[in-house]
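Here's the structure, in structure tokens; my notes come after.
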Amino acid sequence: MIGNIISLFFLFFLTLSIPLSANASDISVTASVTKTKLSINDILEYKITISGAKTQPTINESFLNDFSIINRSTQQSYQLINNNFFSSQIKSFQLRPNIEGTIIIPSAKLTIDGKTFETDPITITVSANTSPSSTPNASPSKMPISKQGVSSSGIPQGSSKDLFILAVLDKNQAYVGEEIIYSVRLYRRFSAIDQLLYQEPKFGMLSEQLERDQKTYTQTYKGIRYYVQEIDRRSLFSYESGSIAIPPASAEVQINFFYGSQIIQSNEISINIIPLPETNKPSDFSGLVGDYGLDVDVNTKALVENKPIAIRLSVGGSGNLKQLSTLSISTDSDIFKVYQSSINDLITYVNSVKGIRHFEYIMVPKVDGSLSLPVFSFSYFDPKTKQYNVLSSPSQTVSIIDAGESEIQFANNDSQNLITELRQDLRYIKESIDISKQATPFFKQVFSLFLIALNIGLLATTIFSFIAKSSLFRNIIQRFSLKPSKQAVNAIEQIKSTSDWSINDVQHHIFRFLSSILNRPVQGLPLSEIIEELTQQNIDTSTITDLESLLDQCSFLAYSPDSSNVESKIDICDKAIDIIKRIKT
Amino acid sequence: MKYLVSICFSLYILISISYANNMTLIEQASNYYKNNKFENALSIYESLHKKFPNNIDIIYNLGNTHFKLNNHGYAIGFYLKAIKWDPSNSDIRYNLSLARELVQSDSEQENSIIYTILGWLRFLSINVSFNIMMILLLGFLATLRFIQLQKFNRELLFNILIVCGLFFILSFSMFLHRYAHYSEEKGVVITKKLAVYSGPSETLSILFYIHEGYEFRINKFAGDWIEIELSNGFKGWAPISGLFLI
């Protein structure tokens, strides 16, 4: 039980201690070397990695007194998270030892934000060069330049005429930092060999392996025809002047099973390295030699006060591009804050070292208005023209938008070529205004009023039609129209006054009257049934008898028109009127 | 007759001159706006607004000009006024949303459930919804009439009648909804900070403060005071001078 409690307490304090220790180690400094064993002519790379520092560290290089510093470079990467910069820097030194034996590289002392940090010391072993002629201070031997533009020194001593390797350079004199192409070729009279194991020499200068020519061709050398094959090709860059000898390369060759294997050595060659001229040397010259160009990529449409934007500069050309670790920046720090973000290389190693080094800088405009972008530049020495050249990004005036005016959305994913809105602003005013176009409510609009009228009309028609067809309507009409007795009397009176009339008309009006009395159509019914129904309606018996005789008389006259005359017709009409009046009462 | 012709001609000339003057003013205001002289543009647009109070384009331009002058309360007010007549206008809606973002206005419409479900209703004006309703009613009545007249296929007509009837009911409810929105009296706060009192007097206690661009409903007037109601149900009285009535 107690053990469990102790374990819990231990875990609790361990959990608490993790964030504390993380805070204490915000800045860390470490040192490393690429190799710990090397010869006196070798170059080693010494790297100091600083992470977490927000400012540039200062390094006292006096601890490297036992070495010649051939090249310095700095790589930086910045991250902007929640408005805080997190940086990681690697300071690299290419060193050549000045002394032999076991050397301790002392602790590097760096000052960051007023605090001093130290790296751990590193021990390396420097051995003497096996070949005395390969030391850098050895006397140079001038090489004749062949027709192919290479220097050679004939068949190497100790090598057979049938099989030898020859080292050649593309030039016998070069400037400090200029590219020298070194090539080793195997000359053989045999059509084929079984195996070749090549051992490169110690160059004593920076070397970059190139893609060798894979083809085997024939060449006549000193009157003898050989099969020639390139077995090594590389670019060499010397950062020390003077005559530098390149020791022989060696190769173990097995021609076939019967001959066995033999070790052959190439010729020793030397080259004269001449220093770069001091006249017109730019102050920011980094030692870059070759032929270069500068390309700039910046989105000038997205510049907003206090919002970082990236500018990409590409330095391309032929030479040791890695020599250029930073670009010179010309700007007012109150207007633009510039931070180096990253360096990416796209370098090919084919016939020579060629490529592009991409520099990315983060620029933060601190003020708004119309401003000139920072100018980025670098200088290099062109060995062809023997002149220093300075390349600069074009001076560009851009408009910086005030950050407080509107919300801005940055295209953080420019690399994905997505279309993003850089700035939100008002949709523009209406310039062509139709003054006569006034907004009116629907009850003032002609179209709406027309629709209303149409609907009212259609509704009224529908309703009227519906009502007109219903019995209720007919009853109502009947109720409001003249009484049937009066209608019948009027109609018969009207018949009397006309000359051309028939007895059927009188008969029709009598039946119509009777229909209204009995509430059913009576025309067509047998007379006995009409009489019976009238009797049920409490009509006087004498009146019914008179009606019966009148209807009989009408029927008789209707079927015998010749017997009828005007007097009898009028008499019938009078009788009909009298009977209607009597029934009504 | 001669007099009549001369009067007509004179009227025509006067109207033409007035129209030309107005067009010149509009052009002038546009130029001022382009050259960031928003004060000058505003005075011209205001004079035009007095002449043509229901011209949507002028109201919209007034909103833009006020926006540029950082009068975001006024801008929202004018945009709301314009959108009342032309709710489907994307430019007005966009600018209104920008102005609302700047003042962090609380728009009740955008948050209400009915707008979440029937968001498209926002794009219908009162006039359009009325005309839709009337056209559907016309279809319904015409079908009914055809049935009465016993023309065409009776079954088909009955089907059409049912469809038209249902759509008419829907359009009628839609119209009622838009009409309620249209007839609602609303306003916007135009001062940076406005005290809302418990009654129409500054001597009464302050209930809460509202900021520029805040939208509210108007309940009643009392002299130079208005009783306002916020979307969260808060009620109070504010002086009319700090408010823009839509």
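The values are calculated or read from the model by the stated rules, or taken from the named source; none is laboratory data. Fair warning: this is a prediction, and the values are worked out from it, not measured in the lab. Glycine also receives a Cβ, built like all others from the backbone with ideal geometry; neighbour counts cover every protein chain displayed. Each accessible area value is taken on the protein alone, full model and side chains, heavy atoms only, with ligands, DNA and RNA left out. Shrake-Rupley method; radii C 1.70, N 1.55, O 1.52, S 1.80 Å.
Some notes on this structure:
- Scanning region A:472-514 for residues that are modelled with pLDDT of 75 or more, open to solvent by less than 70 Å² (accessible area, probe 1.4 Å) and not in a helix (DSSP H, G or I) yields a count of 2.
- Residue count for region A:163-185 satisfying the condition of being open to solvent by 30 Å² or more (accessible area, probe 1.4 Å) and outside any strand (DSSP E or B): 3.
- So B:I240, is it outside the structural domain of B:L141 (by TED's automatic domain parsing), of a type in the set (A, V, I, L, M) and open to solvent by less than 30 Å² (accessible area, probe 1.4 Å): no
- Of all residues making up region B:173-198, the number that are within 19 Å of B:F244 (Cβ to Cβ), in a helix (DSSP H, G or I) and open to solvent by less than 40 Å² (accessible area, probe 1.4 Å): 0
- Residue within region B:161-172 that is more than 14 Å from chain A (Cβ to nearest Cβ), within 30 Å of B:A75 (Cβ to Cβ), surrounded by fewer than 16 Cβ atoms within 10 Å (Cβ to Cβ) and not hydroxyl-bearing (S, T, Y) present: no
- Candidate set: region A:267-283, residues that are part of a loop (DSSP other than H, G, I, E, B) and touching a Ser or Thr at 6+ places or on another chain (Cβ under 7 Å); chosen: the one most open to solvent (accessible area, probe 1.4 Å): A:P275
- Those helices (runs of 4 or more DSSP H) of region B:6-112 in which 1 or more residues are over 30 Å from B:A180 (Cβ atoms) occupy B:38-51, B:56-68.
- Looking across region B:80-108 at every residue that is surrounded by 24 or more Cβ atoms within 10 Å (Cβ to Cβ) and facing chain A (nearest Cβ under 9 Å), the one that is nearest to the chain's Cα centre (by Cα) is identified as B:A82.
- Scoring A:V367 on the criteria (1) hydrophobic (A, V, I, L, M, F, W, C); (2) open to solvent by less than 30 Å² (accessible area, probe 1.4 Å); (3) part of a loop (DSSP other than H, G, I, E, B) leaves a single failure, condition (2).
- Taken over region B:31-50, the criterion of being aliphatic (A, V, I, L, M), more than 10 Å from every other protein chain (Cβ to nearest Cβ) and either open to solvent by 30 Å² or more (accessible area, probe 1.4 Å) or farther than 16 Å from B:I190 by Cβ (or both) is satisfied by B:I44 alone.
- Within region B:51-79, considering residues that are closer than 19 Å to B:G242 by Cα and among the hydrophobic types (A, V, I, L, M, F, W, C), the one surrounded by the fewest Cβ atoms within 10 Å (Cβ to Cβ): B:L69
- Residue in region A:256-273 that is closer than 30 Å to A:F378 by Cα, at pLDDT 85 or above and not polar (S, T, N, Q) present: yes
- Among the residues of region A:441-451, the one identified as more than 7 Å from every other protein chain (Cβ to nearest Cβ) and either at pLDDT below 85 or open to solvent by less than 90 Å² (accessible area, probe 1.4 Å) (or both) is A:L449.
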